[in-house]
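The values are calculated or read from the model by the stated rules, or taken from the named source; none is laboratory data. The structure displayed is predicted, hence computed values, not measured ones. Don't worry about glycine lacking a Cβ; one is built from the backbone with ideal geometry, like all the others, and counts go over all protein chains shown. Accessible surface is based on the protein model in full, side chains and every heavy atom, while ligands, DNA and RNA are left aside. Shrake-Rupley method; radii C 1.70, N 1.55, O 1.52, S 1.80 Å.
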Amino acid sequence: MGVGGAIGGAIGGISISGGSLASGSNVKRYALTGDTGAAGAPATSLWNVWTAYSRSDVGYNFSQLQSSGKVDVFLAGVDYTLPNDVIVGVAVAKDRTNIDLNFSGGTLSGNGVTISPYFGVAINKNLSLDGTIGFGRTDITTNTLGVGGSSRSDRTIGSLGLTYVEKVDNWTLSARGALLSVNDKLGAYTLTNGTFVTDGTVKVTQLRVSGQAAYSLGTFTPFVGLALIDDINRPNQAPVNGIAAANARFGWTPTIGVRFKADSSVYGAIQYSSEQRSEVKNNQILFNLGIRF
């Protein structure tokens, strides 16, 4: 789900992988791609500021429309814990996309910004609810064999998630279900050769069910996770030259990483994930850092 999925996942992990919003001693906050990558914040820390960076190697391997490239997302946020461990905050994402359109010898690039208010609510000591809504815009430029064009994509994202966390000695086991939605509307534009390109809208709704196991070693906490993905609603690629695309509805993403805490106020994580889906490549490295006060 591109940038929208990254932001929705980022804000979604407010309480996964150790403790919960209501635990009173180990509130969790995230800094990108929500199923992993969190670090703890004690209940006495009402303010939390975080930043993150991810680099994704992406590709579409359908033989008639092969493409590949990179997506960089820079993310920063701040949140505040209200009475009863209700968290409210806002995140800002800057995205940069560079794609080689191998099937046509062209390129596509994009630069955008998305602003997303978010919240997290403790239901009990193990269960929490979180959600976000975001609005963004990306400027897009294409060039194929000297013929160029530029347009603008307006983006709306939303997510709602439920997380369950259980601690067993040094182990933290968590499960999460989340519904994410992204709506991208691309404006009409005219190519430099005079060709008019009509506007279009892409809507994607996705269900993600994930689990994670983490083991605390004190300063460092390694973890592994697995997410199952179901594209409930999305446009399918039509056949090209009589050849049909896979249009795989389901995918899965394994994740491995380590969280760390430098002292009582500084925390972070690094992780790697790789989406497994027919004709789709999405390998991501993520680093996040936060300060609570």
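Once all Cα-Cα distances of the stretch 154-281 are split into 10 Å bins that start at 0, what whole-number percent is in each one?
Taking all Cα pairs of the stretch 154-281, the binned fractions are 10, 27, 29, 19, 10, 5, 0 percent.
Based on the inverse mean of 1/r over its pairs of different Cα atoms, what is the Kirkwood hydrodynamic radius of the stretch 66-222, in Å?
About 18.7 Å for the stretch 66-222.
Computed from the mean reciprocal separation of all distinct C-alpha pairs, what Kirkwood hydrodynamic radius does the stretch 238-278 have, in Å?
13.8 Å is the Kirkwood radius here.
Accessible area of residue 171, 1.4 Å probe, to the nearest 10 Å²?
110
Using Cα positions and a limit of under 16 Å, work out the aspartates and glutamates in reach of residue 203, with same-chain residues fewer than 8 apart set aside.
154, 184, 230, 231
Using a Debye calculation, one point per C-alpha and no hydration shell, please list log10 I(q)/I(0) for the stretch 39-142 at q = 0.19, 0.22, 0.24 Å⁻¹ in order.
The computed values of log10 I(q)/I(0) come out as -0.96, -1.13, -1.24.
The stretch 217-261 to the stretch 73-151: how many Å between their Cα centroids?
Taking the Cα centre of the stretch 73-151 as reference, the centre of the stretch 217-261 is 17 Å away.
Based on the mean of other Cβ atoms within 10 Å per residue, sort peptides 114-123, 194-203, 139-148, 57-66 so the most packed one is first.
Going from most to least packed, we get 114-123, 57-66, 139-148, 194-203.
May I ask you to give the solvent-accessible area per residue for the stretch 147-293, in square angstrom, as obtained with a 1.4 angstrom probe?
Ligands and nucleic acids excluded, the figure is 53 Å² per residue.
In straight Cα distance, which lysines are under 21 Å from residue 125, not counting same-chain residues fewer than 8 positions off?
Within the straight-line limit of under 21 Å, residue 125 reaches these lysines: 28, 167.
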